[in-house]
Amino acid sequence: MSLAFAIRDFPSETERREKNLSNYDEIGDAVSHKVGVIGGDGIGPAVIAEGLKVIEAAGVNLEIHNYDLGGERYLRDGTVLPDSVLEEWRDLDVLYLGAVGTPDVPPGIIERGLLLKMRFELDLYINLRPFIVTGDENNDGHDFMVIRENTEGTYAGEGGFLRKGTPQEIATQGSVNTRHGVERCIRYAFQLASTREQQHLTLVHKTNVLTFAGDLWERTFHMVGEEYPNIETTYNHVDAACIYFVENPQRYDVIVTDNLFGDILTDLGGAISGGIGLASSANLNPEKTSPSMFEPVHGSAPDIVGTGKANPTAAILSGALMLDFLNENEAAQKIEKACADPKTQSGTTTEIGDAIAAQV
Ligand code: IPM
Ligand code: MN
């Protein structure tokens, strides 16, 4: 694949930092964005190729830096995510990832060593996942978003074994909730809700059982809420939220929740809104102190590799989120619109990609 490479007059890295630029439109006439691309494993490379094809068709210039990482790479030479690569990424604008994971690699190695390491080290503390549920014939669907805290909770990895492998074995897995981490996530969600028509934010947790973490989340939610008097707020327990997702998702606008609840709830979100083949996500560092990462919610799906059955729409929509974040809003909107057109949504991986590219 070859992407337009229209770079003239690049500002220096220092100049960029001083002016706090994520792209170059304020300096030169050429706009290009530095993107680290990790196709990854399984269907990852194929769906990302379609995503890049669509971005090119939308007329956005990217400077692509490819990274061969994931389960296959790990099996080849033991590499997961070297610190030197992380350092290189700090000079990029964004990262675009397909899927990582191979059945032959034991669980946890790639998840913790690559995906979670990216989220933690780059401080991608917001995981934003948008959904559209189709309505009845009188409306064109309802969109809502889940803001999942992305660096703490049970994902922080607190815990361990005692007397492993014996009948007296003990395994603990803690949940880390810092005031700082919870507050910045909730504040982001309020801020996002304040930009939307419905002006509504729901906190999802399990305060009736997780009385420590839940208490911190709830208190912080009310405290930050005082800064946003126009936002209507609701609280739902996570189990009840699962019922509402299925029976009445129209009640939601923006949802904010902890890392694990958000993980589970967003798979359900995918299932109620056209399937996981459409679910996109953004792992954000809102202050842009490091590159944010965009990826489809689905995994590497080794069972369908090479069959052309993988729907690239989730990857393409994640690309649209990426463009939106890069202030390429017009291109992002065109892509979202093309993905929503049922005419683009049949055929093989490349046929769907081609149909979307042709429309933008
Ligand atoms: C997701 C995935 C990851 C997560 C896994 C692969 C570590 O399920 O992005 O939702 O649990 O966050
Ligand atoms: Mn998940």
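The values are calculated or read from the model by the stated rules, or taken from the named source; none is laboratory data. Worth saying up front: this structure is predicted, and the values here are computed from it rather than measured. Here the Cβ positions follow ideal geometry from the backbone for every residue, glycine too, while neighbour counts run over all protein chains shown. Areas reflect the complete protein model, heavy atoms only, side chains present, ligands, DNA and RNA absent. Shrake-Rupley method; radii C 1.70, N 1.55, O 1.52, S 1.80 Å.
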Somewhere in the range 228-237, is a residue away from ligand 2 (no atom under 16 Å from the Cβ), under 20 Å from the mean Cα position of the chain (by Cα) and without any contact (Cβ under 8 Å) to a residue 24 or more places away in the chain?
no
Inspect all residues belonging to the range 268-281 and state whether any of them is touching a helix residue (DSSP H, G or I) at 6+ places or on another chain (Cβ under 8 Å) and away from ligand 2 (no atom under 16 Å from the Cβ).
no
Conditions (1) in contact with a strand residue (DSSP E or B) (Cβ under 8 Å, 6 or more places away or on another chain); (2) within 16 Å of ligand 1 (Cβ to nearest atom); (3) modelled with pLDDT of 95 or more: number failed by PRO302
(1)
Among the listed residues GLY299, GLY319, GLY270, identify the single one that is out of contact with any Asp or Glu (no Cβ under 8 Å at 6 or more places or on another chain), among the small types (Gly, Ala, Ser), in contact (Cβ under 8 Å) with a residue 12 or more places away in the chain and open to solvent by 30 Å² or more (accessible area, probe 1.4 Å).
GLY299
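Take the residues in the range 242-267 that are away from ligand 2 (no atom under 16 Å from the Cβ) and surrounded by 13 or more Cβ atoms within 10 Å (Cβ to Cβ); name whichever of them is farthest from GLY141 (Cα to Cα).
The residue in question is VAL256.
Does GLY269 qualify as being over 22 Å from LEU122 (Cβ atoms), within 16 Å of ligand 1 (Cβ to nearest atom) and either not assigned by TED's automatic domain parsing to the domain that holds ILE43 or not in a strand (DSSP E or B) (or both)? Let's see the steps before the verdict.
Working: over 22 Å from LEU122 (Cβ atoms): yes; within 16 Å of ligand 1 (Cβ to nearest atom): yes; either not assigned by TED's automatic domain parsing to the domain that holds ILE43 or not in a strand (DSSP E or B) (or both): yes.
Yes: the conditions hold for GLY269.
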